[in-house]
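Quick notes on the structure that follows.
Readers should treat all values here as calculations from the given coordinates under stated rules, not as data from a laboratory. Note that this is a predicted model, so its numbers are computed, not measured. Note: ideal-geometry Cβ built from the backbone for every residue, glycine included; neighbour counts use all protein chains shown.
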Amino acid sequence: MRSFFLCGGTDAYTWDVSCNQKKMKKHLTIISMICFLIISCEEKPAYEKDGWTVEQYQPELIEMSKATINGNSIISPIEKIKSIYGKPKEIKEDCSIIPIHNNQGEKTYDCWIYDSEWSMVFKIDKDQAFLGFFNFEEKNMKIETPQISLSKNTTIKEIKKVFPISYSHRNIGAHHLQTEEGFQWIYLIDDLPKERKPHPNKVELIFKDGYLKQIEYQWQPIYSEKQWDKYQEEMEKYLNSKK
């Protein structure tokens, strides 16, 4: 005869219910402990470790100049984009605005939007177009680069292998997506010329639950000679003030 008093019951039914509840609580406790251990053991971002300095943050380069989407270059003359994808569903002027340092104006880009969900957007710079935004969940396409193939099946573990420095600095400076559960953010730079640019062009890879969700690509403005001289002058003043 089994002793149901171990679970505090007074009859067979109570014994079964009480024991099942205790077993379930025990299982949930074990699962919670496992989850806690996994989170605790995950490698912390480099910038959260003792002794980290900003000089250690050197994002890797991804060759966007050679990147293609379904075989077509992601950087092309606007007439080429029209011939491949047709007329955009919507054109939004000045959809991307980047200020020029020291209050010297701003650089603007128009957006060619190819569906109502904004899942594929080309940004326009004079007669050139580049893929500024792409959602892999909404469109089943691949972006091929010499370094890596990007698709909805690309995992953040693959990124870690190819771009270890950027992975170790994941989520640094991330925007609102960082606060949403399950999102991870990786920052890379492209291979286009950097002459008269305070910052390189940036590539953002955004992951949800470990899989690539979207890519954002932003060109930085090329300063005029006058703007660049002013920027360097102000930077020199700033650096001297820190000595």
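The table below lists the values:
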| quantity | calculated |
| --- | --- |
| Under 27 Å from the Cα of Lys230 - lysines, other chains or at least 8 residues apart | Lys107, Lys126, Lys194, Lys197, Lys202, Lys242, Lys243 |
| Residue order, fewest to most surrounding Cβ atoms within 10 angstrom, among Asp209, Asp110 | Asp209, Asp110 |
| In segment 195-241, GluC sites (Glu not before Pro) in a DSSP loop with at most 16 other beta-carbon atoms within 10 Å | Glu195 |
| Difference of contour (0.36 nm per residue) and Cα-Cα distance, Ser83 to Thr155 | 22.7 nm |
| Charge context of Gly71, other residues only, Cβ under 14 angstrom, K/R +1, D/E -1 | +2 |
| In sequence order, calculated HN-Hα J values of segment 139-155 (Karplus, 6.51, -1.76, 1.60; Hz; x Gly/Pro) | 10, 7, 10, 10, 10, 9, 10, x, 8, 6, 9, 10, 7, 5, 8, 5, 9 |
| Residue exposure sequence - His101, His199, His169 - by fewest surrounding Cβ within 10 Å | His199, His101, His169 |
| Residues Asn72 and Lys126, FRET efficiency given R0 of 30 Å [Cβ-Cβ distance, rounded to 0.05] | 0.90 |
| Three-way shape call for segment 78-163 based on the alpha-carbon gyration tensor, with the a/c threshold at 1.5 | oblate |
